[in-house]
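**Q** Supplied in structure tokens, the structure appears directly below.
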Amino acid sequence: MKEGISVEERLFRKSDKPSEDLSCNWHYKKSADYSDFVSTDLSGKWCIFASPTEVDGTWSKISGAIENNQLMCAKVSTALRSIGHNGHVICVYTHDWADRSDIMRARDVLRSLGFVKELGYKRDIDTRNRIYGAGEWYLRA
């Protein structure tokens, strides 16, 4: 053990990189225009899955788009949340799953950032109702 670094500091280390952070389950980012956003039964999210080696760069792209007010907000699973899973998930939110034009506008921003493979969009009400597997995705694009 390195001198001066406790076991707790190593086990629960905080990092700005999602791939290294063991202090919390999620990192969040909101644009200044949507700082009051909270998940509701009307909101939903595009889900991007990333490996531990890709997640930091992927999160950086999403964070940049949020800082530029291209996207409303997002969260990324950290190393702590990803223990026992094959990788990370990044959720990019929209206000209203019934607003198809806003959902597709966010999807177009993601495409412009290089996320060209098909993504799934999930309604937050379905997440709260624990709908997974068949019927999980409200939309795929």
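**Q** Taking segment 12-28 as the search range and keeping residues that are acidic (Asp, Glu) and in contact with a helix residue (DSSP H, G or I) (Cβ under 8 Å, 6 or more places away or on another chain), which one is nearest to THR53 (Cα to Cα)?
**A** In the first step, residues of segment 12-28 are kept if they are acidic (Asp, Glu); the result is 16, 20-21.
Among the residues that remain, those that are also in contact with a helix residue (DSSP H, G or I) (Cβ under 8 Å, 6 or more places away or on another chain) are: 20-21.
Numbers: GLU20: 10, ASP21: 13 Å.
For segment 12-28, the residue satisfying everything is GLU20.
**Q** Would you pick out the residues in segment 97-129 that are over 16 Å from the mean Cα position of the chain (by Cα) and either at positive phi or crowded, with 17+ Cβ neighbours inside 10 Å (or both)?
**A** Those that are over 16 Å from the mean Cα position of the chain (by Cα) and either at positive phi or crowded, with 17+ Cβ neighbours inside 10 Å (or both): TRP97, ASP126.
**Q** With the requirement that a residue be out of contact with any helix residue (DSSP H, G or I) (no Cβ under 6 Å at 6 or more places or on another chain), charged (D, E, K, R), within 22 Å of MET104 (Cβ to Cβ) and free of Cβ contacts under 8 Å to residues at least 60 places away in the same chain, what does segment 29-66 give you?
**A** Hits for segment 29-66 are LYS30, ASP33, LYS61.
**Q** Only one of SER31, SER43 is hydroxyl-bearing (Ser, Thr, Tyr), farther than 20 Å from GLU136 by Cα and buried (at least 17 other Cβ atoms within 10 Å of the Cβ); which?
**A** Working: SER43 fails: farther than 20 Å from GLU136 by Cα.
Being hydroxyl-bearing (Ser, Thr, Tyr), farther than 20 Å from GLU136 by Cα and buried (at least 17 other Cβ atoms within 10 Å of the Cβ) holds for just one of SER31, SER43, which is SER31.
**Q** Right, another one. Every residue in segment 99-125 that is in contact with a Phe, Trp or Tyr (Cβ under 8 Å, 6 or more places away or on another chain) and free of Cβ contacts under 8 Å to residues at least 60 places away in the same chain, please.
**A** ILE103, the sole residue that qualifies.
**Q** Inspect all residues belonging to segment 47-69 and state whether any of them is at pLDDT below 90 and surrounded by fewer than 15 Cβ atoms within 10 Å (Cβ to Cβ). Talk me through it step by step, then tell me what you get.
**A** Going residue by residue through segment 47-69, those that are at pLDDT below 90 are none.
No: segment 47-69 contains no residue that is at pLDDT below 90 and surrounded by fewer than 15 Cβ atoms within 10 Å (Cβ to Cβ).
**Q** Condition test on THR94, is it surrounded by 12 or more Cβ atoms within 10 Å (Cβ to Cβ) and under 13 Å from the mean Cα position of the chain (by Cα)?
**A** Working: surrounded by 12 or more Cβ atoms within 10 Å (Cβ to Cβ): yes; under 13 Å from the mean Cα position of the chain (by Cα): yes.
So THR94 fits the description; yes.
The values are calculated or read from the model by the stated rules, or taken from the named source; none is laboratory data. None of the values given here were measured: they were computed from a predicted structure. Ideal geometry is used to build each Cβ from the backbone, glycine not excepted, and the neighbour counts take in all protein chains shown.
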